[in-house]
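Single-structure report; data block below.
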Amino acid sequence: MARPRRLLAALLFAAGCGGAPPPAPNTPNTTEGGPTNGAAATSAAATSSDLSGPSSAAGGKDTSAPPLVFIEDDLDGAMARARAEKKALFVDAWAPWCHTCLSMKNYVLVDPALRPLADRVIFAALDTDRPSSAAFLERYKMSFWPTFFMIDPAKGDVVAYWPGAASVREMRGFIEDAVRVLDASAPPSDPLYTLSRASAARAAGDHHKALALYDELFAKVDARWPRRDDALAGKLSALAGSGDVDGCARFGAAHVDEIRGAAAPADFASVLLSCASRLAKSSTQELARRKAMARLEALVASPPPESTVDDRADALAILADVKSELGDAEGARAAHEKRLVLMEKAAAEAKTPEIAATYDYGRAVSYMALGRNEQAVRMLEQREREMPKSYDAPARLSSVLARMGRMEAALAANGRAVALSYGPRRLAYLKQRAGLQAKMGDKPGQIATLREEVAGHEALGPGQRNEAALMDARRRLAEALGAAPKR
């Protein structure tokens, strides 16, 4: 999602994931100053036909069932299998640089309580930076990482759309309700059907149609409807996506206290703060910030029971960001210190380096915020040794080293990340490399890197291409060459 990551986080490239989208759609190659936790998702409960048998409402594990098995990076194969077996298709659209994606993979989607859903659903996972994902991204729009889709394989239509983090219970309810709609057991008069149409409009990038459908939905339901949180969060994101930041701020301020769920309350507050930041100073802006801040303070003091460590760390990160922006340095520092305690414990308890890496981005940001840069370096150097085929640790290490003024080491780490990365993420690292070369006075190297970056953007498929990023790369190349930018 993408939540604006100001200050230190902007130095760490491609944060996590979901978050508050700006009025213009995000793309996979945003920097860490873009997305970070789960998006304003939902606190939906499992309300409809129970497809998965007994399970704790809090996401308790059914140890008799193994974890779900995902078809990796083969959408055509997954779609064909779903059609052949007459099942719905679940797609986890994720990226290796997204900490919320890693948290969902390592802590939620592996829960055996979800395994019985495979009786009615085929599960697929797509790394959105891979070239093979371009066609998917061209048809199905996403502003948050991860985003989960429930798709009718017969038509390819989106039945349900969940951007960001969720608890086991919430994910189970999301899938079960989507299957209910797909099975036609939810008639057109059922609010779930209208929610499904609104989800499809969001997935198509049609924010105005989504807004109309959300308004139609709210005319049908009251505050007791179990999926109302989902609809509130969806409308807020659609308002932000449509560019109506004033409407977003007003709507968000009116409903921020109502949102429940594992990650949704903090994410809703993040979207609200993002919209407020784009307003001129006004009573609307002041109210939106005050309401969002109060909600975040309450969430940090008493986290939702189903929230993961990643969810809780993100709530603290949002709070630290806004406190820092408003001049409360001590408050921001306290939030980062509390955040580090959570993540350090979780990383130490992780059974594998891959699971511990869920917290690398968040730990690095908080280390830097607290002036503990050397600890960030040691952590990331260790992770690179443990996971030599991953681009993430050297990419983040490069950003930390550059901030410390260790430019040669930063350039070397960046080179390792570029060599291992692909797709839009690789282009983000090339942009970083060109910036390092410019600071080091290597004009020929900078120009060569910028040419490679421009060519890479031009070669991307339509679903992955970001025209604004392409124009920016061309502008920077033209400036390096001392010429007018190519239009």
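The values are calculated or read from the model by the stated rules, or taken from the named source; none is laboratory data. Everything quoted here is computed from the prediction, not taken from an experiment. Note: ideal-geometry Cβ built from the backbone for every residue, glycine included; neighbour counts use all protein chains shown. Calculation scope for accessible area: heavy atoms of the full protein, side chains included, ligands and nucleic acids excluded. Shrake-Rupley method; radii C 1.70, N 1.55, O 1.52, S 1.80 Å.
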Per the filter on region 383-397, residues among the acidic types (Asp, Glu) and touching a residue at least 60 places away in the same chain (Cβ under 8 Å) are Asp392
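Looking at Ala223, Ala298, Ala254, Ala280 in this structure, which one is in contact (Cβ under 8 Å) with a residue 24 or more places away in the chain and of a type in the set (A, V, I, L, M, F, W, C)?
Selected residue: Ala223, the only one of Ala223, Ala298, Ala254, Ala280 that is in contact (Cβ under 8 Å) with a residue 24 or more places away in the chain and of a type in the set (A, V, I, L, M, F, W, C).
What about Ala469, is it more than 30 Å from Arg378 (Cβ to Cβ), touching a Gly at 6+ places or on another chain (Cβ under 9 Å) and in a helix (DSSP H, G or I)?
Working: more than 30 Å from Arg378 (Cβ to Cβ): yes; touching a Gly at 6+ places or on another chain (Cβ under 9 Å): no; in a helix (DSSP H, G or I): yes.
No, not satisfied.
Restricting attention to strands (runs of 3 or more DSSP E) lying wholly within region 113-175, give those where 3 or more residues are open to solvent by 10 Å² or more (accessible area, probe 1.4 Å).
Numbers: elements: 121-127, 147-152, 157-163.
Fully inside region 113-175 and qualifying: 157-163.
Suppose we filter Asp328, Asp360 for residues that are of a type in the set (D, E, K, R), crowded, with 18+ Cβ neighbours inside 10 Å and over 21 Å from Pro303 (Cα atoms); which single one remains?
Values: Asp328 fails: crowded, with 18+ Cβ neighbours inside 10 Å.
Exactly one of Asp328, Asp360 is of a type in the set (D, E, K, R), crowded, with 18+ Cβ neighbours inside 10 Å and over 21 Å from Pro303 (Cα atoms), namely Asp360.
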The number of residues in region 149-169 that are touching a residue at least 40 places away in the same chain (Cβ under 8 Å) and out of contact with any Gly (no Cβ under 6 Å at 6 or more places or on another chain) is 13
Subset of region 449-464, residues touching a residue at least 24 places away in the same chain (Cβ under 8 Å) and either closer than 19 Å to Ala410 by Cα or assigned to a loop (DSSP other than H, G, I, E, B) (or both), comes to Leu450, Glu453, Leu460, Gly461, Pro462, Gly463, Gln464
Scanning region 263-311 for residues that are in contact with a helix residue (DSSP H, G or I) (Cβ under 6 Å, 6 or more places away or on another chain) and of a type in the set (Lys, Arg), the one nearest to Gly362 (Cα to Cα) turns out to be Arg295
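Yes/no matrix, rows are residues, columns are (1) outside any helix (DSSP H, G or I); (2) of a type in the set (Ser, Thr, Tyr); (3) modelled with pLDDT under 95; (4) open to solvent by 50 Å² or more (accessible area, probe 1.4 Å):
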position: Arg383; (1), (2), (3), (4): no, no, no, no
position: Pro388; (1), (2), (3), (4): yes, no, no, yes
position: Leu411; (1), (2), (3), (4): no, no, no, no
position: Gly415; (1), (2), (3), (4): no, no, no, no
position: Gly435; (1), (2), (3), (4): no, no, no, no
position: Pro444; (1), (2), (3), (4): no, no, no, yes
position: Ile447; (1), (2), (3), (4): no, no, no, no
Inset, instruction - Please verify whether region 92-105 includes one or more residues that are basic (Lys, Arg) and part of a loop (DSSP other than H, G, I, E, B). - result: no
The one condition Gly331 fails out of (1) free of Cβ contacts under 8 Å to residues at least 40 places away in the same chain; (2) within 24 Å of Leu397 (Cβ to Cβ) is (2)
Being farther than 21 Å from Glu176 by Cα, of a type in the set (Phe, Trp, Tyr) and at pLDDT 95 or above narrows Phe149, Phe123, Phe136 down to just Phe136
Of the residues in region 257-294 that are open to solvent by less than 50 Å² (accessible area, probe 1.4 Å) and not in a helix (DSSP H, G or I), the one that is farthest from Lys235 (Cα to Cα) is Ser282
